[in-house]
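K.L.:
Here it is, the structure, as structure tokens.
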Amino acid sequence: MTSIAHRKRRRATGRLPVVLVLPAVLGLAFLLVPLVGLLVRAPWGTLPSRLFSASVGEALRLSLLCASLATVLCLVLGVPLAWLLARGDVPGRGVLRALVTVPLVLPPVVGGVALLFVLGRRGLVGQYLDAWFGVSLPFTTAGVVLAEAFVAMPFLVISVEGALRAADPRYEEAAATLGASRWLAFRRVTLPSILPGVVAGTVLCWARALGEFGATITFAGNFPGETTTMPLAVYLALETDPDAAIVLSVVLLLVSVGVLAALRDRWISGPS
Amino acid sequence: MTLHADLRVARGVFRLDAELVVEPGEVVAVLGPNGAGKSTALRALAGLLPLTGGHIRLGDEVWDAPPDAFRPAERRPIGVVFQDYLLFAHLSALENVAFGLRARGVPRAVAREEAARWLDRVGLAAHARAKPRTLSGGQAQRVALARALATEPELLLLDEPLAALDAATRLHVRAELGRHLRDYPGHTLLVTHDPLDAMVLADRLVVLEHGEVVQQGTPTEVARRPRTDYVADLVGLNLYRGTARGTSVALDGGGEFTVAAPATGPVHVVFPPTAVSLHPDRPTGSPRNAWRVTVAGIEQHAHTTRVRLDGVPPVLADITTATVADLRLQPGAGLWAAVKATEVHAYPS
């Protein structure tokens, strides 16, 4: 019965229209062919040796370190910020929420410039950091972490805030009636219940930080071993050693695919 | 220590203005239709909603007295059983029960030991490690009760504690809840829209309508002298305590009933006034409960006439206006009241 109905339905819908299928296939090819090209062109024979060469290893290590530190920074600041946006009784919450997403749409280079003028040695905040603590952030590894965190934090905040708004606030009330302070209720009741959202946000945030280029090169410059992360190394290597650029790109590609796989169930499959 | 609450909350067009007094060891049921302000009253007592006027005092401790004093929920000695329990899904039953003690700074090992004792008291010792989603509705309710009582609160608040249960479980859990409430020395406030829950569990009923107390008193008083149509419709149940032996129940106040389903031990006997028929002579025929009564009062309600009858036991009967005329009902008239055994329900108490 059902299969007949099914067949009938398919006949009724008719063939897929060419005007849609052709651009669709082209679009798919446009997205996939460059990635395939990267894999085809990769120097597989020398890949292991290149992968473990000093410069690649250094860039990879620096990238992983900075992206992880940036993610930690985003978690420490971003989760409370998400809580404030979702649960806090602050005036102008809508405006705050919009402001938080600005770095999401802002060209990262602009973010880098902004950071430079605020945290630079003569910047709004930077001059005091320099004068009082002798700390200068631009063109340092710490600068890389800041630039990445600036760009990646909105991903975490949006993800965690969404999870918080979906969570039932009455559980926090139940915790309060049991004598838990708001902090304890957040830590022991709310946080565990929104953990999937926090994990998804963390992974997205980390992936975004790992791929960060514009803000990093603007604010932290390009000093091998200190601020040259993978994306910067790819860009540099392209001029001197294209094969190295490909190896670095393949590594980043694999990391991205890994992230996609990790988030597949939550984000990619969509509503079914 | 008596709990005095003069609850005044104004929110938009809704206004709650209700006075509640609960003595230690007393169970007070707040009964009312949806939107009457029951939940608002409970949330105000719990400290989840500040009053806009009035006060809440336990003995000489002030919990809320706007605009000067407000003690938030986490600093009130309360326990709350929520309608859908709100058990923490990521914690085991034991950890749920231990939560309040841990929040109050009791060391982990002591808290867990105490929680285990409470789970044992509600008969769930075997489920200590179970996550809430694996528990049945009745079990979850008992965990919620244990969690609320584990901190030995001064005030126990129950929000529709049986509403989420199916009829069969409800019967059992209600009796068990009644036992725990009798053992509990603190103040209990129960919010419900189910008259049976209120009458079986509570020492005193407070009926709330449109944010105001329209009537209060013992279940029997309220049932026998309802002041509004809502109370008459809902609370006007014939309710007796007695001891069952098989299908026969000897009432504490005298009289005996035959019930359809056999039971043993102390029970509540309940039937609606509509189940009572009145006859000029002793009715014959199918097995019935029939006894001599005299008319004590007649009240006209929306669609029926309610007759208060004295006898052993006294009883309420709802009859049609035609019957009133047929029987020439007037105060002092002698009649026979009859109720079918199948209409009489006995609940373990």
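The numbers here are math on the coordinates, done by the rules we state, and not lab data. A quick note: this is a predicted structure, and the numbers were derived from the prediction, not measured. We place every Cβ from the backbone using ideal geometry, glycine too, and count neighbours over all the protein chains shown.
K.L.:
Going by alpha carbons, how many degrees (0 to 90, nearest 10) lie between the helix axis of B:108-121 and the longest principal axis of chain B?
P.N.:
10 degrees
K.L.:
Still on this structure, I have one more. What's the ranking of A:245-251, A:33-39, B:52-58, B:132-138 by average number of surrounding C-beta atoms within 10 Å, highest first? Each step should come with its number before you reach the end.
P.N.:
Details: A:245-251: 21.7, A:33-39: 11.9, B:52-58: 18.6, B:132-138: 15.0.
Final packing ranking: A:245-251, B:52-58, B:132-138, A:33-39.
K.L.:
Explain nothing, just compute: Karplus ³J(HN,Hα) = 6.51 cos²θ - 1.76 cosθ + 1.60, θ = phi - 60°, for every residue of the range B:177-188 in order, whole Hz, x for Gly and Pro.
P.N.:
Running phi through 6.51 cos²θ - 1.76 cosθ + 1.60 with θ = phi - 60° gives 4, x, 4, 5, 5, 5, 6, 7, x, x, 8, 10 Hz.
K.L.:
Can you put A:139, A:117, A:155 in order, fewest other beta carbons within 10 Å first?
P.N.:
A:117, A:139, A:155
K.L.:
Along the range B:227-238, what does the Karplus equation 6.51 cos²θ - 1.76 cosθ + 1.60 (θ = phi - 60°) give for ³J(HN,Hα), rounded to whole Hz, x for Gly and Pro?
P.N.:
9, 10, 4, 4, 5, 4, 5, 8, 9, x, 9, 7
K.L.:
Pull up all non-local amide H partners of residue B:209: gap of 5 or more, or a different chain, and H-to-H distance under 5 Å with H placed in the peptide plane.
P.N.:
The list, which skips near neighbours in sequence, is B:214.
K.L.:
A further question follows. Hey, if you put +1 on the Cβ of every Lys and Arg and -1 on every Asp and Glu Cβ in the range A:68-228, which of A:184, A:69, A:105 ends up farthest toward the positive end of that dipole?
P.N.:
It is A:184, whose Cα lies furthest towards the positive end.
K.L.:
Shifting gears a bit: Toward the positive end of the charge dipole of the range B:238-348, about the Cα centre and with charges on Cβ (Lys, Arg +1; Asp, Glu -1), which of B:268, B:315, B:247 goes farthest?
P.N.:
Of the listed residues, the answer is B:247.
K.L.:
Next question, about the same structure. Rounded to the nearest 0.05, what FRET efficiency is calculated for residue A:241 and residue A:35 with R0 set to 22 Å and r the Cβ-Cβ distance? Working shown, then result.
P.N.:
On the way: r = 21 Å, r/R0 = 0.94.
For residue A:241 and residue A:35, the calculated efficiency is 0.60.
K.L.:
Using a simple charge model, +1 on the beta-carbon of Lys and Arg, -1 on the beta-carbon of Asp and Glu, nothing else, what dipole does the protein assembly as shown show about its Cα centre, in debye to the nearest 20?
P.N.:
Working: 59 positive and 52 negative charges, 362 e Å.
Computed about the Cα centre, the dipole is about 1740 debye.
K.L.:
While we're here: Along the Cα-to-C-beta direction of residue B:310, a point sits 7 Å from the Cα; which residues of the range B:247-278 have their amide N less than 18 Å from that point?
P.N.:
Counting backbone N atoms under 18 Å from the label point, the list is B:253-255.
K.L.:
The range B:1-56 to the range A:41-88: how many Å between their Cα centroids?
P.N.:
So the two Cα centres are separated by 54 Å.
K.L.:
Using the crude model of +1 on Lys and Arg Cβ and -1 on Asp and Glu Cβ, and no other charge, please compute the dipole size for the range B:3-235 relative to its Cα centre, in debye to 20. If you can, show how the numbers build up before the last one.
P.N.:
Details: 28 positive and 30 negative charges, 163 e Å.
Result for the range B:3-235 is approximately 780 debye, rounded to the nearest 20.
K.L.:
Rounded to the nearest 0.05, what FRET efficiency do residue A:166 and residue B:340 give with R0 = 51 Å and r taken as the Cβ-Cβ distance? Could you check? Can you show the working numbers first?
P.N.:
Numbers: r = 52 Å, r/R0 = 1.02.
That pair, residue A:166 with residue B:340, gives E of 0.45.
K.L.:
Hey, what angle do you get for helix B:93-103 against the long axis of chain B, alpha-carbon based, 0 to 90 degrees rounded to 10?
P.N.:
Once rounded, one gets 60 degrees.
K.L.:
Right, here's the next one. Would you mind ranking B:1, A:153, B:199 by Cβ crowding within 10 Å, fewest neighbours first?
P.N.:
Values: B:1 13, A:153 26, B:199 22.
Fewest-to-most Cβ neighbours within 10 Å comes out as B:1, B:199, A:153.
K.L.:
Counting other C-beta atoms within 10 Å, which of A:183, A:83 has the fewest, and how do the rest follow?
P.N.:
Details: A:183 8, A:83 19.
If I rank by nearby Cβ atoms, fewest first, I get A:183, A:83.
K.L.:
Taking the simple approach of a point 7 Å from Cα along Cα-to-Cβ for both residue A:113 and residue A:20, what is their distance in nm?
P.N.:
A separation of 4.2 nm, rounded to one decimal place.
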